[in-house]
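What follows is a set of notes on a single structure, which appears directly below.
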Amino acid sequence: MPHPKYCPDCATPVESIELAEDGGPKSRLRCPACGWTHWNNPTPVLAGIIEYRGQVLLARNAAWAHKAYALITGFMEAGETPQEGIAREIKEETNLDASELNLVGVYDFQRMNQVIIAYHAVADGEVRLSPELVDYRLYDLPALRCWPAGTGYALADWLRTRGHEPQFVEWPARPAS
């Protein structure tokens, strides 16, 4: 989400302003007229390591240009617990019902300004993908390859709990922007 240029309360152009209550040398976008502050807090994102009939389900998002497969993820909604949210996302995106949900951990994903709350889910049913996903694959635990980003670290941590030392894929360096 782009940073605001104008105050949503009074339409004054916002400025980068540092205040003592920010706890150090940190400026935030603020309205110089009414004091409104753009906090830019991270968004909670839920991720599911779906164990389906003894294998792990990874899916490919329709919006991705690359052909990678990853965990099921989605934004937490107001009024739901993280467990309710990941169960909802699993149902919406794969049509599977989660019968068991266990917290794997919480992971930093600063590039997207997100905090990932990852769960292991035992799920069953008939897989039917939402339009957001174009494909899925089932993996035996030793065949799983983790990626060097938030949900990949969650998968690695979970694999360790199952007695598997995770193997990571190499990602090409991102071009400087």
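The values are calculated or read from the model by the stated rules, or taken from the named source; none is laboratory data. Given the structure is predicted, the values throughout are model-derived calculations rather than measurements. As a convention, Cβ positions derive from the backbone with ideal geometry for all residues, glycine included, and neighbour counts pool all protein chains shown.
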Requested in this report: Restricting attention to segment 22-63, report how many residues are in contact with a helix residue (DSSP H, G or I) (Cβ under 8 Å, 6 or more places away or on another chain) and of a type in the set (Gly, Ala, Ser).
Outcome: 3
Query - Considering residues of segment 93-130 that are assigned to a strand (DSSP E or B) and hydroxyl-bearing (Ser, Thr, Tyr) only, the residue surrounded by the fewest Cβ atoms within 10 Å (Cβ to Cβ) - result: Ser99
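Considering segment 2-53 alone, what residues qualify as being of a type outside the set (Lys, Arg) and at positive phi?
Ala11, Gly23, Gly24, Gly35, Asn40
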Report summary line: Condition set touching a residue at least 24 places away in the same chain (Cβ under 8 Å), farther than 30 Å from Ser99 by Cα and in a strand (DSSP E or B), scope segment 1-55, selection nearest to the chain's Cα centre (by Cα): answer is His38
Requested in this report: Please determine, by comparing only the residues of segment 135-171 that are under 28 Å from Pro42 (Cα atoms) and assigned to a strand (DSSP E or B), which one is nearest to the chain's Cα centre (by Cα).
Outcome: Cys146
Report summary line: When segment 19-38 is checked residue by residue, the ones that are under 20 Å from Asn113 (Cβ atoms) and surrounded by 11 or more Cβ atoms within 10 Å (Cβ to Cβ) are Asp22, Ser27, Arg28, Leu29, Arg30, Trp36, Thr37, His38
Query raised in the report: Here are some residues: Val127, Val106. Which one is among the β-branched types (Val, Ile, Thr) and either more than 15 Å from Leu155 (Cα to Cα) or modelled with pLDDT under 95 (or both)?
Result: Val127
Report summary line: Per the filter on segment 69-84, residues touching a residue at least 24 places away in the same chain (Cβ under 8 Å), surrounded by 14 or more Cβ atoms within 10 Å (Cβ to Cβ) and over 19 Å from Tyr52 (Cβ atoms) are Met76, Pro82
Query raised in the report: Of (1) within 21 Å of Tyr136 (Cα to Cα); (2) not in a helix (DSSP H, G or I), Glu89 satisfies all except one. Which?
Result: (2)
Report task. Pairs only if they're at least six apart or on different chains, beta carbon under 6 angstrom, first in segment 125-137 and farther than 15 Å from Gln55 by Cβ, second at pLDDT 95 or above and part of a loop (DSSP other than H, G, I, E, B); list them, first residue then second. Result -> Arg128/Asn95
